[in-house]
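Okay, structure first, notes after.
Coordinate-derived values only; no laboratory data. The shown structure was predicted, so the numbers you read here are calculated from the model rather than taken from an experiment. Virtual Cβ from ideal backbone geometry, glycine too; neighbours counted across all protein chains shown.
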Amino acid sequence: MDSSRDEGIQERMNQVLHLVLDVRNYPILVHSNKGKHRVGVVVGIIRKLLQGWSTAGIYQEYGLFSGGMKDGVDLEFITRFETNLKIPRNVIPGFAKHCLYLNELEAAEGSDDESGSESILTAKQPI
């Protein structure tokens with residue numbers, strides 16, 4: 001993943017979320033060979049959107065694992081990040097279903113079979 005300052009970061013973060021929101025990719029290891037801030041941004045957004053963490057908690061964890069070198073641009077990116085993703089409902093991990101607002105788009109009207117359905121996931125910080 002690129003720095004949160006780089007163009008295309010929204011798309012790259014959406015790609016990361018697509019990986020995290022598909023249990024077929026598990027187990028997942030998040031790492032970086034370029035430093036602490038890229039992983040901090042990814043983990044911060046996962047904490048925010050998929051686990052419902054408060055901004056204060058995210059900032060505190062980011063600060064602990066970045067060696068106290070908080071990057072204001074990265075923290076602002078985490079705070080303002082929102083997304084809309086189309087994900088097959090049957091591959092979304094259980095932990096993520098609790099914090100995501102789901103708007104189901106059924107493959108066929110009245111279908112009870114969710115294996116073929118997709119959901120639009122609007123991920124925003126809980127109010």
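What to note about this one:
- Our estimate of slack between E7 and K70, defined as 0.36 nm per intervening residue step minus the Cα-Cα distance, is 20.6 nm.
- Subtracting the Cα-Cα distance of K97 and N33 from their residue separation scaled by 0.36 nm leaves 20.0 nm.
- Ranked packing of 86-97, 43-54, most packed first, by mean Cβ within 10 Å: 43-54, 86-97
- Given K48/K97; K34/K97; K34/K70, the pairs whose alpha carbons are separated by over 23 Å: K34/K97
- A Cα-only calculation for segment 1-96 places Rg and Dmax at 13.1, 39 Å.
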